[in-house]
Amino acid sequence: MAEGFAKYLGEEFEIFSAGIEAREIHPMAVKVLFKKEINISNQTTDVIDLKLLIKANYVNTLCCDVPCV
């Protein structure tokens with residue numbers, strides 16, 4: 001969802017989304033954003049690329065299934 005919103009807001013940045021494991025996009029996320037005219041149905045979930053992470057200027061983290069510390 002964060003990737004979809006970020007891409008919707010503009011093309012000023014290169015936006016990537018990844019996690020510690022690849023999963024399916026939750027169908028509810030697709031439905032919710034579609035109501036805002038944001039289509040994330042073609043997005044993929046990817047595993048973090050360490051080389052890309054090292055080059056990043058900004059990193060946002062989100063936790064939903066595991067406790068954040």
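The values are calculated or read from the model by the stated rules, or taken from the named source; none is laboratory data. Note that the structure is predicted; figures quoted are calculated from it, not measured. With ideal geometry, Cβ positions are generated from the backbone for all residues, glycine too; neighbour counts draw on all protein chains shown.
It is to be established whether one or more residues within segment 37-51 are of a type in the set (S, T, N, Q), surrounded by 11 or more Cβ atoms within 10 Å (Cβ to Cβ) and in contact with a Phe, Trp or Tyr (Cβ under 9 Å, 6 or more places away or on another chain).
yes
Of all residues in segment 19-44, count the ones that are within 17 Å of K7 (Cα to Cα) and small (G, A, S).
Number of matching residues: 2.
Could you tell me whether any residue of segment 48-69 is among the acidic types (D, E) and modelled with pLDDT under 85? Write out each step before concluding.
Here is the first cut: in segment 48-69, the ones among the acidic types (D, E) are 49, 65.
From the residues that got through so far, the ones that are modelled with pLDDT under 85 too are 65.
Yes, some residue in segment 48-69 is among the acidic types (D, E) and modelled with pLDDT under 85.
In segment 52-66, what residues are surrounded by fewer than 10 Cβ atoms within 10 Å (Cβ to Cβ) and in a helix (DSSP H, G or I)?
Within segment 52-66, I54, K55 meet the criteria.
Specify the residue that is nearest to Y58 (Cα to Cα); the eligible residues are those in segment 4-36 that are in contact with a Phe, Trp or Tyr (Cβ under 8 Å, 6 or more places away or on another chain) and surrounded by 13 or more Cβ atoms within 10 Å (Cβ to Cβ).
Checking each candidate, the answer is A6.
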